[in-house]
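The block underneath contains the structure these notes are about, expressed in structure tokens.
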Amino acid sequence: MSLRIEDLEHRYEDRGPATLHVPRYALEDGEQACLVGGSGSGKTTFLNLVAGILAPRRGVVRHGETDIAALGEAARDRFRARRIGYVFQTFNLLQGLSALENLLLPLGFAGVRGEEARTRALETLGRVGVGALADSRPARMSVGEQQRVAIARALVNGPALVLADEPTANLDEENAERALDLLRGSVAEAGASLLLVTHTRSVRDRFDRVETMAEISA
């Protein structure tokens with residue numbers, strides 16, 4: 001599923017007249033891209049606009065044939081549940097739920113329930129190497145294990161696009177390298193696209209396509 005952005009504008013309500021403006025951006029099916037910028041450069045805001053978590057002031061955010069910027073909030077949520085995976089910097093795992101339950105939740109949002117959901121969740125946990133932790137809660141996991149569960153959650157619905165917001169920021173160097181290899185390999189195996197944002201040079205150096213927020217915004 002290709003991504004096409006045109007004349008995208010978002011106003012920061014807490015920064016007076018400040019806005020994020022992206023005239024044009026495109027990501028092709030199966031492409032993996034890295035977007036670089038420092039703190040406050042708009043990286044996370046841009047990802048949230050791409051995901052439909054935020055609605056832009058104006059512009060087009062087209063996933064395949066669907067412009068999610070033209071949809072209402074509920075419709076954007078449904079689209080995201082079915083077509084977009086998101087790996088958050090702080091993992092965002094629900095602490096009161098097991099690894100399995102953390103994956104069943106997005107499956108339920110996408111309308112997949114019962115034995116089909118359980119089977120898919122267990123298979124995805126196994127694919128990223130944490131199948132044995134299905135019944136464990138995040139507090140019983142290492143940081144690296146939590147990141148693997150977060151990656152599994154992003155992949156469990158078979159998304160066409162995976163977004164990753166500083167996915168290695170909370171990991172040591174060794175775990176960061178493993179997590180990045182796992183994420184990129186899993187996305188490629190699924191035939192999905194990847195848009196990752198970072199400020200870390202060692203991460204950006206792993207990508208062939210690298211752009212800065214300054215380059216894509218105006």
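Going toward the positive end of the dipole of the chain, with +1 on Lys and Arg Cβ and -1 on Asp and Glu Cβ, which of Asn102, Asn48, Ala70 do you reach last?
Among Asn102, Asn48, Ala70, the one farthest towards the positive end of the dipole of the chain is Ala70.
Could you derive backbone 3J(HN,Hα) for the range 150-155 from the dihedral phi with the Karplus parameters 6.51, -1.76 and 1.60 (θ = phi - 60°), listing whole Hz in sequence and x where the residue is Gly or Pro?
In residue order, the calculated couplings are 4, 5, 4, 4, 5, 9 Hz.
Give the label of the value calculated from the structure for Cα extents along the principal axes in Å, choosing from [x] 66, 43, 30; [y] 62, 51, 38; [z] 48, 37, 33.
Recomputing Cα extents along the principal axes in Å here gives the entry labelled [z].
Quantify, in whole percent, the carbon and sulfur part of the accessible surface of the chain (1.4 Å probe; protein heavy atoms only).
45 percent
What is the distance in Å between the Cα centroid of the range 84-111 and that of the range 173-218?
Taking the Cα centre of each part, the range 84-111 and the range 173-218 sit 21 Å apart.
Distance from a point 7 Å along Cα→Cβ of Arg137 to each backbone N in the range 68-110: keep the residues under 14 Å and list them by number.
93-102
At what distance in nm do the modelled label points of Glu215 and Arg178 sit from each other, each positioned 7 Å from its Cα along Cα→Cβ?
3.2 nm
Please report the accessible area of His199 (heavy atoms, 1.4 Å probe, ligands and nucleic acids excluded) in Å², nearest 10.
120 Å²
With every protein chain present, what is the per residue accessible area of the range 1-150 (1.4 Å probe, Å²)?
Accessible surface, normalised per residue, equals 49 Å².
At what distance in nm do the modelled label points of Arg113 and Arg201 sit from each other, each positioned 7 Å from its Cα along Cα→Cβ?
Taking the simple label geometry, Arg113 and Arg201 are separated by 5.2 nm.
Please say if the range 1-79 is rounded, prolate or oblate, where rounded means a/c under 1.5 for a ≥ b ≥ c the square roots of the C-alpha gyration tensor eigenvalues, and otherwise the choice is prolate for a/b larger than b/c and oblate otherwise?
In terms of gyration-tensor shape, oblate.
Of Asn157, Leu183, Pro167, whose Cα points farthest to the positive end of the dipole of the range 142-184 (charges on the beta-carbon: +1 Lys, Arg; -1 Asp, Glu; origin at the Cα centre)?
The one lying farthest along the dipole's positive direction is Asn157.
Quick check: the angle from helix 99-109's long axis to the longest principal axis of the chain, C-alpha only, nearest 10 degrees?
For helix 99-109, the angle is close to 50 degrees.
The values are calculated or read from the model by the stated rules, or taken from the named source; none is laboratory data. These numbers were taken from a predicted model, which means no experiment stands behind them. Note: ideal-geometry Cβ built from the backbone for every residue, glycine included; neighbour counts use all protein chains shown. With ligands, DNA and RNA removed, areas are computed over all heavy atoms of the protein, side chains included. Shrake-Rupley method; radii C 1.70, N 1.55, O 1.52, S 1.80 Å.
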